[in-house]
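All of the numbers you see were taken from the coordinates with simple rules; none came from a lab. Treat the numbers as computed from the prediction; the structure is a model and nothing was measured. Cβ placement follows ideal geometry from the backbone for every residue including glycine, while neighbour counts extend to all protein chains displayed.
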């Protein structure tokens, strides 16, 4: 199946449902129905409300196999049993702490999602980054987003 760069995941989901309003969560639930995977990276942040779920062409997932669907970007793993996840109303998603580390460590991450996610993490955790353990090789990069996250909602 060829990926249409003009088509968002919302358009693909709309092809399947008659719903007038489709959120990122709705689109993900519709498009991943029956697939064995864990939503990851910025898609995980979107579903959990840490970013605004803007215009997206693909849903990022960890999977043991490629799905060859234009709206799913698979990051292949040996076993999903080794990947931490939470059940978010029927969708397996990376916990936000894991999603943040994965986003920092991946060059395809939308930087706006990183800013939003760090800001939401900070405000959702009583103006603290407690509980967010960043690997040494990502600490310098994370420091920038942490500092910006504190300022994100000021003004």
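Taking label positions 7 Å along the Cα-Cβ direction at both residue 65 and residue 133, the computed distance is 3.5 nm, reported to one decimal. What the Cβ-Cβ distance of residue 148 and residue 76 gives, at R0 = 30 Å and to the nearest 0.05, is a FRET efficiency of 0.40.
Using C-alpha pairs under 8 Å with a sequence gap of at least 6, the mean separation divided by the residue count of segment 9-151 gives a relative contact order of 21 percent.
Subtracting the Cα-Cα distance of residue 123 and residue 20 from their residue separation scaled by 0.36 nm leaves 33.9 nm. Packing around the peptides 123-130, 108-115, 89-96, taken as the average count of other Cβ atoms within 10 Å per residue, puts them in this order, highest first: 89-96, 108-115, 123-130.
When the helices of the chain are scored as -39500 (n - 2.57) per DSSP H run of n ≥ 4 and the total is divided over every residue, the value at 222 nm lands at -10500 deg cm²/dmol. Cα axis of helix 111-124 to longest principal axis of the chain: angle in degrees, 0 to 90, nearest 10? Around 60 degrees separate the two axes. Highest average first, the peptides 42-54, 139-151 ordered by how many other beta carbon atoms sit within 10 Å of their residues are 42-54, 139-151.
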